[in-house]
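Each remark here refers to the structure printed beneath this line.
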Amino acid sequence: MAPQRRPSWSPFFNAECAVAAHSRPTLGIRVAALARSVASLRIIGDGVVPEEISSLLGAEPTKAHRKGELILASGRTTKIGIWRLEAAPTEPENLDAQVAEILGKLTQNLDIWKSLSAGFRVNVFCGLFMNESNEGVELSPATLLALGERGIHLDLDIYAWRADV
């Protein structure tokens, strides 16, 4: 098999990134996977009552507070209520597993999710961390369907590695 040549349309593509140690198949091409990811489900709004959210979802949050609550560690008062459940960080990135971990702990009742997403901002916040100039992420149709059925938005924050920092 002949070595892969750099296409003229992509100055960043090279054989090394095509066969990176943390790679994933995408349409027959190997693309470097993101180095690390963190993910958490967040339910945000002025009317968040953490005990009620926990009762509806059937699980306790990693962190939660009501609007106006004093956070002792920082001495500040919260401006909005939040209920948050974190997944374990993954290296390399595995958002499918992180979303499955989170949703697997919670109710499967879509009526409850519909009610929550109608009254609050509901999202899965993902922090995606790159080690190279071109890394990617892919979510399965099953993960996208599970989020969509529950009215959960996907919020991606991407942190790029920089050699000059």
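Quick notes on this one:
Conditions (1) more than 26 Å from residue 32 (Cα to Cα); (2) hydrophobic (A, V, I, L, M, F, W, C); (3) in contact with a Pro (Cβ under 6 Å, 6 or more places away or on another chain); (4) exposed (fewer than 13 other Cβ atoms within 10 Å of the Cβ), marked per residue:
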{"position": "113", "(1), (2), (3), (4)": "yes, yes, no, no"}
{"position": "117", "(1), (2), (3), (4)": "yes, no, no, no"}
{"position": "128", "(1), (2), (3), (4)": "no, yes, no, no"}
{"position": "131", "(1), (2), (3), (4)": "no, no, no, no"}
{"position": "138", "(1), (2), (3), (4)": "no, no, no, no"}
{"position": "142", "(1), (2), (3), (4)": "no, yes, no, yes"}
{"position": "148", "(1), (2), (3), (4)": "yes, no, no, yes"}
{"position": "151", "(1), (2), (3), (4)": "yes, no, no, no"}
{"position": "155", "(1), (2), (3), (4)": "no, no, no, no"}
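- Filter result for residue 123 (within 27 Å of residue 91 (Cβ to Cβ), surrounded by 13 or more Cβ atoms within 10 Å (Cβ to Cβ) and at pLDDT below 95): no
- Of all residues in the stretch 60-75, those that are more than 12 Å from residue 41 (Cβ to Cβ) and outside any strand (DSSP E or B) total 9.
- Qualifying positions in the stretch 42-56 - in contact with a Phe, Trp or Tyr (Cβ under 8 Å, 6 or more places away or on another chain) and of a type outside the set (D, E, K, R): 43, 44, 45, 47, 48, 50, 53, 54
- Pairs with Cβ under 9 Å, 6+ apart, first in the stretch 131-159 and without any contact (Cβ under 8 Å) to a residue 60 or more places away in the chain and part of a loop (DSSP other than H, G, I, E, B), second acidic (Asp, Glu) and surrounded by 13 or more Cβ atoms within 10 Å (Cβ to Cβ): 139/96; 140/96
- Residue that is farthest from residue 34 (Cα to Cα) [pool: residues in the stretch 92-110 that are under 13 Å from the mean Cα position of the chain (by Cα) and assigned to a loop (DSSP other than H, G, I, E, B)]: 94
- Annotation note: of 41, 72, the sole residue that is surrounded by fewer than 18 Cβ atoms within 10 Å (Cβ to Cβ) and not basic (Lys, Arg) is 72.
The values are calculated or read from the model by the stated rules, or taken from the named source; none is laboratory data. Here the structure is a predicted model, which is why all the values come from computation and not from measurement. All Cβ positions, even for glycine, are placed from backbone atoms using ideal geometry, and neighbour counts span all protein chains on display.
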